[in-house]
């Protein structure tokens with residue numbers, strides 16, 4: 001994929017913001033927006049890797065992967081670049097892992113308008129510092145991602161949601177690699193994937209009832225909680241918690257968290273090194289990102 | 001100068017844990033690579049505060065420092081340069097806390113990889129990254145190198161198994177990167193610290209993710225008359241939508257060396273053998289075994305041996321993991337490489353490796369993580385023969401070049417260290433390297449934490465120090 005036009009558009013002087021489909025927040029107001037190139041560049045099912053522009057809509061990517069019964073552990077909707085900039089996982093994180101683990105290589109445009117490559121095209125790679133992980137969740141404050149190579153995964157052979165009132169800790173302890181366990185303080189919803197006979201056997205052993213899809217997730221706030229502390233949520237309002245993970249979809253906004261001055265200082269220094277004049281997504285504070 | 005430094009270190013530790021004598025300095029000037037440097041003093045702190053105190057003393061004296069685990073690194077990452085202080089974490093071997101339900105534990109960096117899994121076995125969990133050195137390598141070293149291992153094919157390498165790190169930053173500040181919660185605010189500083197080879201600070205406590213043990217395991221040994229058939233089998237298994245727990249390959253010379261060493265009944269007349277392990281629930285397991293056998297058949301497999309019990313499984317794995325010990329029967333010295341290529345390129349690159357070895361009149365054995373294209377060509381030689389070392393290095397350089405040319409990368413799990421520092425330009429442009437240096441300088445503007453590693457021709461951090469973010473522009 002030729003990123004030179006994208007780099008030229010970003011330039012090296014004035015404030016600039018990156019726009020996708022606006023699914024996860026959108027560009028900074030009153031700043032010149034740019035859009036990353038889109039489209040699946042190539043897909044190698046036998047390597048389980050795919051290369052696409054950051055502007056590629058996730059449904060377009062998933063359609064391309066589905067032809068070979070593969071998928072990617074990035075939550076749906078919006079663009080690939082938007083999902084990576086925000087870095088949030090979907091409700092299958094327990095089984096699929098965090099979004100950051102899907103990114104193998106990133107080519108981004110830096111604050112001086114230069115194209116920078118981070119990471120490499122293979123699933124295993126420890127060549128140099130892992131700037132891919134720095135960019136995932138950086139809200140476009142360090143560079144604008146042009147294209148990426150992602151690790152794909154096979155689609156489950158069979159999947160089924162179940163419900164139960166069994167204690168979620170028991171579920172976590174006894175189920176083998178559930179894809180998701182959601183809990184609203186009383187009831188749990190469990191997603192199992194695999195061989196249909198294994199799925200049914202696991203469900204039967206714990207008395208899970210097949211059927212109901214998970215509940216609508218409360219949209220008031222996304223809390224990030226030590227999974228060992230999830231029980232303390234009972235009585236705080238309506239919520240759906242991801243057991244074993246610690247993401248909580250709550251009707252209330254997430255409470256403010258204390259900031260360690262050493263972490264704030266590291267953020268300031270990183271931003272100063274990567275974007276000395278503060279022209280990329282100006283005003284966005286990753287430590288306070290909603 | 002050194003005397004004052006030693007005195008100050010003794011003040012923050014005690015006399016028995018600060019060593020400036022010749023034998024310690026000789027012992028710690030190298031790791032498991034064949035490179036060596038020099039150190040003025042070796043410290044053995046036991047707590048985070050003591051590590052921080054050592055780092056502050058280093059800063060006060062303007063001396064660089066190098067964190068060290070078990071010293072099993074193969075790329076020279078823990079080799080101290082220019083009389084750096086060595087800070088050895090081998091006394092920090094405690095498991096601090098375990099969350100049985102959510103399968104995670106805070107551990108100190110000196111805990112050995114296999115010890116951790118053994119200690120927690122009664123909980124039905126293990127630490128997934130399993131380097132071949134797992135009996136002796138430490139969790140801190142695994143963090144520094146983002147270590148892999150055979151079972152990282154399905155489970156991912158160390159970065160996927162580290163949730164948080166308590167670290168001493170290069171200026172001596174103590175902080176936590178990442179957290180007990182899944183989405184800490186801000187940049188993924190935990191993610192960049194893992195694999196940074198000790199250049200961003202020193203990890204003094206690690207929150208590791210623990211992996212549920214497998215309900216059932218099947219281990220298969222399949223042998224092929226042609227290396228290309230074995231490699232094609234690997235690609236076809238993955239393309240079929242399966243990710244086995246491990247797929248390892250050994251070539252003929254390696255099979256012969258190992259068989260002579262452990263007598264496991266390995267197929268010594270075959271060009272290559274694959275060790276394939278699948279794990280999971282029973283129905284899924286049987287379906288995978290059946291399909292893998294079918295795929296191997298399509299690629300002319302000569303024979304398939306399925307381990308009948310745990311003892312046979314252990315024997316097959318022993319064959320894989322003792323390859324390096326077996327080599328002593330062939331030649332006294334070896335040089336182990338570590339590169340990655342796309343799986344589809346395995347047959348081509350392996351053929352190139354054989355050709356490179358032939359041209360340099362060297363023997364090469366291949367024993368590697370075929371499932372993720374992670375090659376480990378092992379050049380065996382006798383260092384006493386004049387000129388051999390030069391040929392070994394030249395052959396190594398050509399192997400790295402061939403891997404990168406095939407669309408691969410410099411290293412899959414051993415790291416860059418000193419060994420591949422000057423090869424970084426094969427994979428990255430100056431602009432790419434400047435970005436990596438920018439990260440390093442943000443953490444360590446004085447360049448005191450393990451300097452001289454990973455990044456070639458180190459740009460100083462000073463040139464961009466002058467530029468400041470305008471007040472209120474961002475934070």
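Laboratory data are not the source of any read-out in this text; all were calculated from the coordinates shown. Computed from a predicted model, the values in this text were never measured in an experiment. Virtual Cβ from ideal backbone geometry, glycine too; neighbours counted across all protein chains shown.
Across all C-alpha atoms in the range B:28-143, the radius of gyration and Dmax reach 15.5, 48 Å.
What separates the Cα centres of the range B:12-27 and the range B:402-448 is a distance of 32 Å.
Contact order for chain B, expressed relative to its length and based on alpha carbon pairs under 8 Å spaced 6+ residues apart, stands at 14 percent. Against chain A, whose longest principal axis is taken from its Cα atoms, helix A:261-274 shows a tilt of about 50°. Remark: chain A projects, on average over all directions, an area of 15.9 nm² (convex hull of Cα atoms). Spacing of the modelled spin labels on residue A:226 and residue A:165, each 7 Å from Cα toward Cβ, amounts to 3.1 nm.
Against the compact-protein benchmark of 2.2 N^0.38 Å, the Cα-based radius of gyration of the range B:139-198 scales to 1.15. Pairwise Cα distances in the range B:252-297 exceed 16 Å in 52 percent of cases. Each 20 Å bin, from zero up to the one with the longest distance, holds this percent of the alpha carbon pairs of the protein assembly as shown: 17, 51, 30, 2. Label-to-label distance, residue A:187 versus residue B:15, with points set 7 angstrom from Cα along the beta-carbon direction: 7.2 nm. Here the contact order of the range B:214-322, divided by its residue count and restricted to Cα pairs under 8 Å and six or more residues apart, works out to 45 percent.
Relative contact order, whole percent, for chain A stands at 18, derived from Cα pairs under 8 Å and 6 or more residues apart. Orientation-averaged projection of the range A:4-154 equals 8.4 nm² [convex hull of Cα atoms, one quarter of hull surface area].
How large is log10 I(q)/I(0) at q = 0.12, 0.19 Å⁻¹ when the Debye formula is applied to the Cα atoms of the range A:78-186, each weighted equally and without solvent? So the normalised log intensities are -0.55, -0.97. Measure nothing fancy, just the Cα-based angle from helix B:388-405's long axis to the longest principal axis of chain B, in degrees from 0 to 90, nearest 10. Between the helix axis and the principal axis of chain B, the angle is about 80 degrees. Put simply, the convex hull of the Cα atoms in the range A:159-250 casts, on average, a shadow of 5.4 nm².
Here the Debye sum runs over all C-alpha atoms of the range B:2-88 as equal scatterers in vacuum, and log10 of I(q)/I(0) at q = 0.12, 0.14, 0.18 Å⁻¹ comes out as -0.30, -0.41, -0.68. Working note: 222 nm ellipticity from helices only, DSSP H runs with n ≥ 4, each -39,500 (n - 2.57), summed and divided by the residues of chain A, gives -6000 deg cm²/dmol to the nearest 500. The Stokes-Einstein estimate for the range A:45-84, based on a Kirkwood radius over Cα pairs and taken at 37 °C with 0.692 mPa s viscosity, is a diffusion coefficient of 320 µm²/s. If you plug the beta carbon distance of residue B:118 and residue A:60 into 1/(1 + (r/R0)^6) with R0 = 41 Å, you get a FRET efficiency near 0.30.
Rg/Rh, computed from the Cα trace of the range B:95-212 with Rh as the Kirkwood radius, has the value 0.94. Above 14 Å, the calculated P(r) of the range B:320-390 contains 60 percent of its Cα-Cα pairs.
Note on the range B:214-322: Cα Rg divided by 2.2 N^0.38 Å, N the number of residues, gives 1.00. With a Förster radius of 60 Å applied to the beta-carbon distance between residue A:174 and residue B:351, the computed FRET efficiency rounds to 0.75. When the inverse distances between all different Cα atoms of chain B are averaged and flipped, the Kirkwood radius reads 23.5 angstrom. Could you please state, rounded to a whole Å, how far the C-alpha centre of the range B:50-118 is from the C-alpha centre of the range A:223-264? About 31 Å separates the Cα centre of the range B:50-118 from the one of the range A:223-264.
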